[in-house]
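What follows is a single structure, written as structure tokens, with notes after it.
The values are calculated or read from the model by the stated rules, or taken from the named source; none is laboratory data. Please read these numbers as outputs of a predicted model, since none were measured by experiment. Counting neighbours? That spans all protein chains shown, and the Cβs are built from the backbone with ideal geometry, glycine included. Note: accessible area is taken over every heavy atom of the protein model, side chains too, but ligands, DNA and RNA are not part of it. Shrake-Rupley method; radii C 1.70, N 1.55, O 1.52, S 1.80 Å.
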Amino acid sequence: MDNRPTHAQIPAPGQESVWDYPRPPRVEKSAERIQITLGGVVIADTTDARRVLETSHPPVYYLPRTDFADEVLSPASGSSFCEFKGSAKYVTLRGGNGIVAQGAGWFYPTPTPGFEELRDRIAVYPSAMDACTVDGETVTPQEGDFYGGWITSRVVGPFKGAPGTLGW
């Protein structure tokens, strides 16, 4: 039985509907090649990411801190709280040509039970980067930027984050 809301798109073969993702969210290993470019240089490159999948949200990719180039990450002010993952801290990312993306990444220093795999991993807002790619496909940032989701041709929505979607 299909429990998707009537406004949800039906996935084609090889696609996932974000409306089939669970709540609370699930952490999933990903061997896809993830690259992040800022200031014209690749600042992160990994095949050891974790995807966080949550109902109505495009995946958020968390990369090992060690897979970011040297001197790219520095602490940023602010924090936030996720009812599932716990307290997050923010990082500033530095790319080529002196480009700085203030507070454009976050991490969970002590994730809550069930999300321990996120420890020592960084997520970034794709809209603050030159490009984020998943297996060579350029990501479209989730609208609204609050959640930081990565939209590829692999997922269908509609996605939470756009105006009028807060109540989903």
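Looking only at the stretch 61-81, residues that are open to solvent by 40 Å² or more (accessible area, probe 1.4 Å), over 30 Å from P11 (Cβ atoms) and outside any strand (DSSP E or B) come to 5 in all. Answer yes or no: is there a residue in the stretch 82-104 that is open to solvent by less than 70 Å² (accessible area, probe 1.4 Å), in contact (Cβ under 8 Å) with a residue 60 or more places away in the chain and not in a loop (DSSP other than H, G, I, E, B). For the stretch 82-104, residues open to solvent by less than 70 Å² (accessible area, probe 1.4 Å), in contact (Cβ under 8 Å) with a residue 60 or more places away in the chain and not in a loop (DSSP other than H, G, I, E, B): present. Do we have any residue at all in the stretch 8-31 that's touching a Cys at 6+ places or on another chain (Cβ under 7 Å) and among the hydrophobic types (A, V, I, L, M, F, W, C)? The answer is no, given that none of the residues of the stretch 8-31 is touching a Cys at 6+ places or on another chain (Cβ under 7 Å) and among the hydrophobic types (A, V, I, L, M, F, W, C). For the stretch 114-135, a residue qualifies if it is out of contact with any Lys or Arg (no Cβ under 7 Å at 6 or more places or on another chain) and surrounded by 14 or more Cβ atoms within 10 Å (Cβ to Cβ), and the qualifying residues are A123, V124, Y125, P126, S127, A128, M129, D130, C132, T133, V134. Scanning the stretch 13-32 for residues that are without any contact (Cβ under 8 Å) to a residue 60 or more places away in the chain, part of a loop (DSSP other than H, G, I, E, B) and open to solvent by 40 Å² or more (accessible area, probe 1.4 Å), we see that the one that is farthest from R121 (Cα to Cα) is P13. Identify, from the list P58, P111, the residue that is within 16 Å of V27 (Cα to Cα), open to solvent by less than 30 Å² (accessible area, probe 1.4 Å) and outside any strand (DSSP E or B). Among P58, P111, only P111 is within 16 Å of V27 (Cα to Cα), open to solvent by less than 30 Å² (accessible area, probe 1.4 Å) and outside any strand (DSSP E or B).
For the criterion of being closer than 20 Å to I34 by Cα and polar (S, T, N, Q), T140 passes. Reported count of residues in the stretch 33-42, each being in contact (Cβ under 8 Å) with a residue 60 or more places away in the chain and either closer than 13 Å to T66 by Cα or open to solvent by 30 Å² or more (accessible area, probe 1.4 Å) (or both), is 4.
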